[in-house]
Each structure stands twice: as C-alpha cells, then as structure tokens.
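For reference, the structure discussed in these notes is given below.
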Amino acid sequence: MRYLKLFENFQAPIESIRSKISNIIANIGHRKGRPFFDALDDAIKDDEIVLELVKGYENDWISSSGGFGDMLYKLYQDKKFTCKGLVIFNGKMLTNGLGVNSWYPVDFDLDNKEFVYLDDSYFSGSTANKIASFLKEHNSNLYEIAVIYDGSEVRLNNVHSFYRYWDHRDLEEYKKKKAE
C-alpha cells in the first residue's frame, strides 16, 4: 500500500519549471565540485520551483532542513501551500558533525508520523538518513524524499527529483574514469 502512495504524491514538474531548471544547470557552466553545488543550491532556491515541488503533498507531514527548509517554512507561513504540518531540522548536521540537534517549530510533535523529506538536492542521502534515524526514535518514518536536483550515482525508488544528473550524463563512463 505504501508503494502506491509514493507515486500518488510526487508530480513531475510542468514544462516551464523543467526548462527553468535545465537553464539554471546549463548557466552554471563547467564548474565542478563544491563551487558547482553551491551555485546550484543558490539558483534553485526559487519560490516557483519550490512551490512546484510541494504539489501533491497537501495531505502529508513534511520535513526539511537547513536553508532550504527555512525558505520552505516561510512559504508555508505565508500560506503559499498547505500540508498536515511542516518541521524543519537544523542544517549543517553533517558538515559540523552535529547530527539532528534541533528543529522548529519547537513544539512540533514528531511522534508516530510518516514524513516526506523535501530538499533542494540529494547526493549521498546522508542528511535524509540522519533525519530518518532520528525520526525512528520518535516512532516516525521518512517514507519518501523529493528534491529538485538528484546527483546521486545510485537511483533509489523512494527518491524523486525534477532533474536527475545521471539521466543526462554517462554514468558508466564516469565510473570507469573514477576507477582509473
């Protein structure tokens, strides 16, 4: 039953959003590594793109983190979208080695809920995994991840994105070069 729900919620972006994301990625150019991802994260924090991402989750508990979560929370407070509830976890949980150590609103009841995690990008899944582990301590579950940009080499059934890097690049060629 949960498997069906996954595909009921996530909606592929409308053509104008798909085009906007492709243009953003093309305009970032050939930067690599952290400069590329920093530029990408800044560029895709766009109200129109973010609101397209939350479509289909009106009847869900939503979680997010960091700067993207802050933006999402502001849109939620401004009544730009609705959902059962929205909780934002601290950012930099991996960079600063903090793990999940805070969330807001501080009175948000984390217990016994099924969450979707929304973010601007997904790479290794470390942030989502930290949050999922934390939610398990509250008898809650992170059942789906929806992002604007997916740069992970591994395609997972519960991760949905508007733009998947490896759908536009040769993953096998990259793995060969990486192994050399």
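The values are calculated or read from the model by the stated rules, or taken from the named source; none is laboratory data. Remember, predicted model here, so these are calculated numbers, not experimental data. Counting neighbours? That spans all protein chains shown, and the Cβs are built from the backbone with ideal geometry, glycine included.
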Quick one: how many residues across segment 111-150 are buried (at least 18 other Cβ atoms within 10 Å of the Cβ), under 20 Å from Val54 (Cα atoms) and of a type outside the set (Ser, Thr, Tyr)? 16
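Which of the following residues is assigned to a helix (DSSP H, G or I), on the phi < 0 side of the Ramachandran plot and over 14 Å from the mean Cα position of the chain (by Cα): Lys74, Lys80?
The conditions single out Lys74.
Can you name the residue in segment 1-30 that is touching a strand residue (DSSP E or B) at 6+ places or on another chain (Cβ under 8 Å) and over 17 Å from Ser161 (Cβ atoms) and, of all such residues, is modelled with the highest pLDDT?
Ranking the qualifying residues of segment 1-30, first place goes to Lys5.
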Exclusive hit being without any contact (Cβ under 8 Å) to a residue 40 or more places away in the chain, in a loop (DSSP other than H, G, I, E, B) and within 19 Å of Glu144 (Cα to Cα), set Leu110, Leu86: Leu110
Given the conditions (1) surrounded by fewer than 17 Cβ atoms within 10 Å (Cβ to Cβ); (2) within 17 Å of Phe68 (Cα to Cα); (3) of a type in the set (A, V, I, L, M, F, W, C), which single one is not true for Phe108? (2)
Among Gly66, Gly33, Gly56, which is over 17 Å from the mean Cα position of the chain (by Cα) and modelled with pLDDT under 95? Gly33
